[in-house]
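First comes the structure, then the notes that go with it.
Read-outs: derived from the displayed coordinates by stated rules, not from any lab. Remember, it's a predicted structure, so these values are computed and weren't measured experimentally. Ideal geometry is used to build each Cβ from the backbone, glycine not excepted, and the neighbour counts take in all protein chains shown.
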Ligand code: 4AD
């Protein structure tokens, strides 16, 4: 047998084979691998020659080899124990299949209830259905937090209930039926609703996978945003996402309540339209039985037609914007709360808006369920105080300049100008400039309270807006207002509308809008015109403000943004 080679410098204990070409690095590993009967040759490095190891180095190497042997034995033992454990678990699982739970008919009849309705049923037998939201197995007991969409319920399984095959393989997000006695939790302990279900019978309705497909492996706070977007249907099961949606429902209901107290009627305008409201650049176009049509950008024009028939109206309708905006406050489809009011002036419009918003917030805070959601999602929320601050567009331009909040300089084509190093050139705002999202948000965040920004130049605004009485300057300003909220920026856009026929005709012409498709809108000026105004509120933006969410994407059930229409 040829000798085993060890080169203490160039050898390797992982890839070495003991040949002169592939020596080991340490004598210990060589000894452990080939046994004491082999003969060994060592050298310090390639400048030396291979020689038999000294006695002392053999002694040292023996110790290393013994340590390695011990380690190997331990690993073997562990492997064996694991195999045994697996086998044992397999046997337990086999045995568990024989255990069949049967509901005890001699017990008092259980009443079926949703979790939110359980409190009056304390000390009684109840039957609840839901999903396993949390699961903990401890000392022969199974603790479940059940979720049924109306709330969370802690449940305790013990005895044979924990020994069935279903119990041993139960996983998060499985759907189950739980039957048992509802007990108030002892003093000093907490549980959702203040009670706990002591289960005496339960049934698995639909299992949920473990392993790589397990719910908690797929959906967790570390998963990639695009994965979370693909798995929105599962993300929605989480406590935060579902609370946001629950608050959204409460918020819409509170808005409806506020409108009802002011005799403003809800209507449902169409989504498929053949007219634009907010400019052609953001229209989603489609073929409608061979004719061009669009997805609505705003229901405003339809609401205006309702005034002579139904009086003041509002709607909650989806609006669509084909803008390539990837910001945290833009969606391609959003829920638009719009209202239109007849025989009002600009001041009354702003006063009404502030009233509706504050009354809606008051309703939400007065209701314990929605107040708790706001507290959970936005613990430091303070209802805004009235009247909201009012700031004219021209004053805002001055404010921005004074606070050195600048805008990127643009060339004649509207392209951002960069210097030689690729840095964007910033310049002061001037009257006539659009106040872009970044500047608007900076201003709102510094001021830290709702702001009515009003009186934008006509050039920056939609065709239908009523002009302010002319001033000396070249620019014409409009009776328009945006409501800006801290953390979000613009949440409402509103204005008084052109009510004069000639003025409207001139506006169509200025914007290059063909009058023909708008005949029904124009007719409002022909058949008894009236001074009127209205607004649109972005539901997701309002919710982002109320629930302190970073992005409107978290405030929509299934948000759509450029490139995303799934799930
Ligand atoms: O300012 P906007 O474009 O106004 C209108 O559409 C008017 N016709 C409404 C009316 O007077 N009836 O949009 C109104 C509001 C904005 O303030 C914003 O909150 C929201 O709609 N909004 C969007 N929300 C999410 N994603 C988008 N892409 C949005 N565009 C507007």
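Overview of results
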item: Label-point gap, in nm, between residue 60 and residue 287 - each point 7 angstrom along Cα→Cβ; result: 8.4
item: Contour excess over end-to-end distance, with Cα ends at residue 431 and residue 378 and 0.36 nm allotted per residue; result: 15.4 nm
item: Cα centroid separation, segment 495-516 to segment 315-337 (Å); result: 25
item: Alpha-carbon centroid distance for the pair segment 55-89 / segment 13-28, whole angstrom; result: 21
item: Antiparallel content of DSSP bridges confined to the chain, in %, to 5; result: 85
item: Between helix 501-511 and the chain: long-axis angle, C-alpha atoms, 0 to 90°, nearest 10; result: 40
item: Pair-distance profile P(r), taking every C-alpha pair of the chain, with 20 angstrom steps and integer %; result: 16, 33, 23, 19, 8, 1
item: For the chain: relative contact order, % (alpha-carbon pairs under 8 angstrom, 6 or more apart); result: 10
item: Highest-first arrangement of 544-555, 129-140, where packing means the average Cβ count within 10 Å; result: 544-555, 129-140
item: Cα long-axis angle, helix 368-377 against the chain (0 to 90 degrees, to the nearest 10); result: 60
item: Span from the segment 202-219 Cα centroid across to the segment 393-456 one, whole angstrom; result: 50
item: Anisotropy class of segment 275-335 from Cα gyration tensor, a/c 1.5 cut; result: oblate
item: Residue 351-residue 476 pseudo-label distance in nm [points 7 Å out on the Cα-to-Cβ vector]; result: 2.8
item: Residues residue 77 and residue 460, FRET efficiency given R0 of 60 Å [Cβ-Cβ distance, rounded to 0.05]; result: 0.20
item: Whether segment 401-507 is rounded, prolate or oblate, judged on the alpha carbon gyration tensor where a/c under 1.5 counts as rounded; result: oblate
item: Ellipticity estimate at 222 nm from DSSP helix runs (n ≥ 4, -39,500 (n - 2.57)) divided over the chain, nearest 500; result: -10000 deg cm²/dmol
item: Highest average packing first - 269-279, 180-190, Cβ atoms within 10 Å; result: 269-279, 180-190
item: In degrees, nearest ten, helix 300-310 long axis to first principal axis of the chain (Cα); result: 50
item: Packing rank of 170-178, 32-40, where each peptide gets the mean count of other beta carbons within 10 Å, highest leading; result: 170-178, 32-40
